[in-house]
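Colleague: Below: one structure in C-alpha cells.
The values are calculated or read from the model by the stated rules, or taken from the named source; none is laboratory data. On a predicted model such as this, the values are computed, not experimentally measured, just so you know. Virtual Cβ from ideal backbone geometry, glycine too; neighbours counted across all protein chains shown.
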Amino acid sequence: MAVAEIRGVPHIYDLTPPGRLPLTLVFIHGWMLSRHYWQPLQALLAPDYQCLSYDLRGFGDSRPAAASSSYSLETYADDLVQLLETLRIQDCWLIGHSLGGSVALWTADRLPRQVQGVIGVNAGGGIYLKEEFRRFRRAGVQMVRLRPAWLRQMPGLDRVMARANVVRPLARSWGQQRVEDFVKACPKAAIRTLLAATTEEEVYRLPQVVARLPQPVYFLAGDQDTIMPTPYVRHLASFHSLFNQGQNTVVELPNCGHLAMLEHPKLVAEQIRRVVSQHCPV
C-alpha cells in the first residue's frame, strides 16, 4: 500500500512489480467498494503484467476531496490521468467494475495513446428509465445517510453481505470487507458520486464516449447480474466500432452475479489475457 497526492487528495494504491510483459493493467473499483476486491485477480495476472489498483477519492482508504469538489465521472477520470502520470505508467489497459467501468471509459477518452484498451466488468449502461432511476437514487441516498457507525459490529451482517448480489455466497471475509467499505465510504463522496453518475444527461453521454473511442473496448457480464443485466451491457457495447464490425466484445459469464472478479477470478483472468493478447501481441 502506498499513497499519492492527486490534485490535492491523498489516494491509496497498490502497484505490483513489472511483469513478464511490458504492459500495466489498471483496476478501478465500483461504488461503495475499494481496491481490495481486485486482489484475487491480480494474484493470477501479476506474473505477466504489472497491476495497479487504487481507491477512488472518498472510498476505501483514500481521503475525500474538499467540500466544494466534484465527484463526477469526469473528475474521477482526471484523477486517474494524474495518477498514471505520477506513477509514470505509459502503456496500459483499464479494467473497471460497475461504476469503475464508466471511469475507465472516460479516462480512455482522455488518453487515446496511453490507454491501449478497456475491459468493463459488470459494467454497462446508456439506458435511462426515469422512474427506476429516481427510485434507485432515492434508495441509495437514504442507505448512505442512515447507516450507523456500529454497523460493522452487527452479528451476521458479514454473512448477509457475502450473499448479496452474487450467485453463490462468497467467503465471509469478503462479506466483512464489504461491510467495512460500506461503513468507511465518505457520505459526501458516496451520495455525490451516485447522483452525478445517474442523471439523464450523464447516462446518455456514456454511449457517446464509447462511440468515439479508437481503442478496443470489451465487456464481461454476469448472466445473473441483477444490478447490471446483460441487455444493458450489450446496449453500451453496441456503440463501439468493434461491436458493429461483428466482433464478440461482450462475454457473458455463467453462474455469475455482480462481483465477477470475486465469483470467478480464474475465468475473468482468462478473458483478460485473451483480450489483451489479441490486441497487444508480444
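Colleague: Show me the helices (runs of 4 or more DSSP H) found entirely inside segment 95-188 where at least 3 residues are at pLDDT below 90 and surrounded by 12 or more Cβ atoms within 10 Å (Cβ to Cβ).
Modeller: In segment 95-188, 130-146 are the helices (runs of 4 or more DSSP H) which contain 3 or more residues that are at pLDDT below 90 and surrounded by 12 or more Cβ atoms within 10 Å (Cβ to Cβ).
Colleague: Then there is this: Among the residues of segment 224-249, write down those that are surrounded by fewer than 19 Cβ atoms within 10 Å (Cβ to Cβ) and of a type in the set (A, V, I, L, M).
Modeller: Once the filter is applied, which keeps residues that are surrounded by fewer than 19 Cβ atoms within 10 Å (Cβ to Cβ) and of a type in the set (A, V, I, L, M), segment 224-249 yields ILE227, LEU242.
Colleague: Here is a follow-up. Tell me, please, whether a residue that is buried (at least 19 other Cβ atoms within 10 Å of the Cβ), in contact (Cβ under 8 Å) with a residue 60 or more places away in the chain and in a strand (DSSP E or B) can be found in segment 199-218.
Modeller: Checked against the condition, which is being buried (at least 19 other Cβ atoms within 10 Å of the Cβ), in contact (Cβ under 8 Å) with a residue 60 or more places away in the chain and in a strand (DSSP E or B), segment 199-218 yields at least one hit.
Colleague: Next question. Can you tell me which residues in segment 141-193 are at positive phi and touching a residue at least 24 places away in the same chain (Cβ under 8 Å)?
Modeller: Hit for segment 141-193 is ASN165, nothing else.
Colleague: Taking segment 116-132 as the search range and keeping residues that are among the hydrophobic types (A, V, I, L, M, F, W, C) and under 16 Å from the mean Cα position of the chain (by Cα), which one is nearest to ASP78 (Cα to Cα)?
Modeller: Going through the qualifying residues, I end up with VAL118.
Colleague: Could you list, in sequence order, all residues of segment 222-269 that are in contact (Cβ under 8 Å) with a residue 40 or more places away in the chain, in contact with a Lys or Arg (Cβ under 8 Å, 6 or more places away or on another chain) and not acidic (Asp, Glu)?
Modeller: If the condition is that a residue be in contact (Cβ under 8 Å) with a residue 40 or more places away in the chain, in contact with a Lys or Arg (Cβ under 8 Å, 6 or more places away or on another chain) and not acidic (Asp, Glu), then ASN255 is the only one that fits.
Colleague: Taking segment 134-150 as the search range and keeping residues that are charged (D, E, K, R) and in contact with a helix residue (DSSP H, G or I) (Cβ under 7 Å, 6 or more places away or on another chain), which one is nearest to GLU180 (Cα to Cα)?
Modeller: It comes out as ARG147.
Colleague: Here is a further query. Would you pick out the residues in segment 224-246 that are of a type in the set (A, V, I, L, M), under 18 Å from SER102 (Cβ atoms) and in a helix (DSSP H, G or I)?
Modeller: Correct list: VAL233, LEU236, ALA237.
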